[in-house]
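Chemist: My structure is below; once you've seen it, I'll send some questions.
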Amino acid sequence: MTELRPETRTVHLPRPSLNGSRPIAVPIYQTSGFVFEDPAVFAEGMGRPDGAFVYGRLSNPTVRSLEEAIAGLEGGVGAVATASGMGAINSVLLGLLKPGDHLIAQKPLYGGTAAMLNDLSSRFGIEVSYVPEDDPEALRAAVRPESRLVYLETIANPVTQVADLPGMCAAAREAGLVSVVDNTFASPVLCRPIEHGADIVVHSTTKYLSGHTDVLGGIAVFASDDLYRRVWHFAVELGATADPFAAWLTLRGIQTLPLRMERHCANTRELALRLDNHPAVAAVHWPGLPSHPSHALARKLLPDFGGVFSFDLVGGRAAGEKFMSSVRLALLAPSLGGVETLVLHPATTSHRSLTPEELARHGIREGTVRVAVGIEHIEDLWDDFSQALS
């Protein structure tokens, strides 16, 4: 059979074999451990991510099905599922870095990641340098003898800058650095960073992969077996393991991922275009708009431009607070990637830990509102946004 496309892969997930048959849906193995008859098999399973199932913190059939499914979607050799997106990010960073190392990160980042990098610097002496997400030469200039890792986001949170993955990952590889890409905003439907040279891809599976705002989870996917095993060993010691029920819900969500992403992107395009012409809006940040600084790069890398965008209101923070308290259909809530539309104020929520200078560096203003667009009817969404803006 030829290589399956994402639309088919998401339907036909890895399923465990059961004495000559397989279940249609992946079962939930809600057990903390497994019983053995052979001590050698027991012992071997304790030290391998692909060995026999031993203990829930090390491995579980439902969790492994999720890991194999997302590794297949991303084109990786293996994956480590975790209890949250930050669990995946921390497993990678803490598993690969040590005090005295140097990390290079793109300037616009998710607030939780930015806070974690600040913590690595202050507590563990891991220095962090920031470069533009689309400037391989700046990355090359930032490399030091102690540099170990480059951290990027396919589509940045919340102003949606798009990283030059081919250029940045190539520059990282030239310098012998590991490149890590957060692909949460794009999902494997819109981008597969390993195809562009990334070594590790991380996701908050809470978002588009599960897709129904009822799961907390994360995953790291690896292009090489060496990195996979190194991070797996650390992740199980850290205890960031995914729960089998959360893994099962995520597997169920993945099966509709391509259909949902198509609707998310279509709704976002229409809202972004309409808001871009609204007198109450100073600027709209979505890479599908020709005015966005990442538009040309996004057209090269992505088949569509994602389901999250942000916009700046003319009246600044007061206007932003008024808008968010006035929406009736959209929900004032954290997260993204679910079927419902969510709005938030990044400066006081997702990026609240950043200083005013850091907020400015990320392109976040007092009147910036982030919208995670759902799959509702576009005219109902527009009616809601219109009345809130008025």
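Here, each number is a calculation from the coordinates, and none is a lab measurement. What you are looking at is a predicted structure, and each value in this text was computed from that prediction instead of being measured. All Cβ positions, glycine included, derive from the backbone under ideal geometry; neighbour counts span all protein chains shown.
Chemist: Which one of 258, 234, 215 is farthest out on the positive end of the charge dipole of the range 213-328, using unit charges on Cβ (Lys, Arg +1; Asp, Glu -1) and the Cα centre as origin?
Modeler: 258
Chemist: Over the Cα atoms of the range 335-390, compute the convex hull volume and normalise it per residue, giving Å³. Write down the numbers at each step before the final one.
Modeler: Numbers: hull volume 4.6 nm³, N = 56.
Spelled out: Cα convex hull of the range 335-390, divided by residues, is 82 Å³.
Chemist: Would the range 257-389 count as rounded, prolate or oblate if I go by the C-alpha gyration tensor, calling it rounded below 1.5 in a/c and otherwise prolate when a/b exceeds b/c, oblate otherwise?
Modeler: Working: a/c = 1.45, a/b = 1.14, b/c = 1.27.
Note, shape of the range 257-389 comes out rounded.
Chemist: Using just the helices of the chain, give the 222 nm mean residue ellipticity in deg cm²/dmol: DSSP H runs with n ≥ 4 each add -39,500 (n - 2.57), and the total is spread over all residues, rounded to 500. Mind dumping the intermediate values first?
Modeler: Values: 15 runs with 153 residues, N = 390.
Calculated mean residue ellipticity at 222 nm is -11500 deg cm²/dmol.
Chemist: Quick one: give the max-minus-min coordinate of the C-alpha atoms of the range 12-115 along each principal axis, largest first, in Å.
Modeler: Cα extents, longest axis first: 52, 33, 23 Å.
Chemist: At 37 °C and 0.692 mPa s, grab the translational diffusion coefficient of the range 90-243 from Stokes-Einstein with a Kirkwood Rh over Cα pairs, rounded to a whole number in µm² per second. Spell out each step's value before the answer.
Modeler: Details: Rh = 15.6 Å.
Roughly 210 µm²/s, to the nearest whole number.
Chemist: Provide the percentage of antiparallel DSSP beta bridges, counting only those with both residues in the chain; round to the nearest 5. Please list the in-between numbers first.
Modeler: Working: 26 of 45 bridges.
Roughly 60 percent of the beta bridges in the chain run antiparallel, per DSSP.
Chemist: Also, I was wondering about something else. Figure the gain on full extension for residue 266 and residue 83 (residue separation times 0.36 nm, minus the Cα-Cα span) and round it to one decimal in nm. Please list the in-between numbers first.
Modeler: Details: separation 183, 0.36 × 183 = 65.88 nm, distance 3.05 nm.
Using 0.36 nm per residue and subtracting the Cα-Cα distance, I get 62.8 nm.
Chemist: Mind giving me the FRET efficiency for residue 38 and residue 230? R0 is 22 Å, r the Cβ-Cβ distance, nearest 0.05 is fine. Could the numbers behind the result be given before it?
Modeler: Numbers: r = 28 Å, r/R0 = 1.25.
Efficiency for this residue pair is about 0.20.
Chemist: Taking the Cα centroid of the range 216-249 and of the range 300-355, what is the distance between the two, rounded to the nearest whole Å?
Modeler: One Cα centre to the other: 29 Å.
Chemist: Would you kindly state how much longer the chain becomes between residue 296 and residue 146 on full extension, computed as 0.36 nm times their sequence separation minus their alpha carbon distance, in nm to one decimal? Before the final figure, lay out each step's value.
Modeler: On the way: separation 150, 0.36 × 150 = 54.00 nm, distance 3.37 nm.
The span from residue 296 to residue 146 would gain 50.6 nm if fully extended.
Chemist: Also, quick follow-up: Quick check on packing: order 274-283, 100-109 by the mean number of other C-beta atoms within 10 Å, highest mean leading. Write out the running numbers ahead of the final one.
Modeler: Numbers: 274-283: 15.7, 100-109: 21.0.
Packing proxy ranking, top to bottom: 100-109, 274-283.
Chemist: With +1 assigned to the C-beta of every Lys and Arg and -1 to the C-beta of every Asp and Glu, and no other charges, what is the dipole magnitude of the range 123-230 about the Cα centre in debye, to the nearest 20? Numbers along the way, then the final one.
Modeler: On the way: 9 positive and 15 negative charges, 65 e Å.
The calculated dipole for the range 123-230 is roughly 320 debye.
Chemist: Give me the distance between the Cα centres of the range 150-169 and the range 36-78, rounded to whole Å.
Modeler: 31
Chemist: Can you tell me the 0 to 90 degree angle between the C-alpha axis of helix 378-389 and the longest principal axis of the chain, rounded to 10?
Modeler: The angle comes out at about 50 degrees.
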